[in-house]
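Read the structure below first, then the notes.
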Amino acid sequence: MTTDMQLGVLYLAARGTTQALRSWVLRTYMLRDGQLDVAMATTLGQLDQVYRFGLYYGYDVTHAPETLRQPITAYVAALRQGSRSLSGEPPSRHLFKVHRRIETLVLGTPRTSHTPPEGDYA
């Protein structure tokens with residue numbers, strides 16, 4: 001299995017838990033559905049926050065069920081493997097490009113973005 005295929009499988013698992021984790025945040029912090037943008041659920045910025053800080057949409061998810069967090073952290077850890085970015089650093093522009101490539105591979109169409117590219121500018 002190629003690296004992109006492995007990342008694709010991990011991405012699908014992570015993607016499969018994002019809505020449940022989002023719902024957990026809504027319930028736990030008594031938020032209205034519209035307060036957390038669904039379109040942001042699988043952005044690398046959000047997924048990376050779960051991996052590095054235990055935060056999702058800025059809310060602490062360290063007490064969320066492990067089954068909701070583990071697929072996300074596994075995907076981001078695999079994505080970072082072999083990268084020059086250290087695990088505690090923000091994702092590099094290269095990681096955002098790889099993430100977009102995996103999304104396109106898995107979903108078949110690139111996500112349209114209305115925001116500037118994420119990542120560092122080094």
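The values are calculated or read from the model by the stated rules, or taken from the named source; none is laboratory data. Everything numeric here is computed off the predicted structure, so don't read it as measured data. As a convention, Cβ positions derive from the backbone with ideal geometry for all residues, glycine included, and neighbour counts pool all protein chains shown.
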Matching residues, segment 34-82, being on the phi < 0 side of the Ramachandran plot and in a loop (DSSP other than H, G, I, E, B):
LEU36, ASP37, ALA41, THR42, THR43, VAL61, THR62, HIS63, ALA64, PRO65, GLN81
Got at least one residue in segment 53-62 being closer than 23 Å to VAL106 by Cβ and surrounded by fewer than 19 Cβ atoms within 10 Å (Cβ to Cβ)?
no
Among SER23, SER113, which is surrounded by fewer than 18 Cβ atoms within 10 Å (Cβ to Cβ) and at pLDDT below 95?
SER113
Give the number of residues within segment 6-29 that are among the hydrophobic types (A, V, I, L, M, F, W, C) and in contact (Cβ under 8 Å) with a residue 60 or more places away in the chain.
5
Check off (1) closer than 22 Å to LEU105 by Cβ; (2) at pLDDT 95 or above; (3) surrounded by 17 or more Cβ atoms within 10 Å (Cβ to Cβ) for ALA13 and give me the number that stays unchecked.
(3)
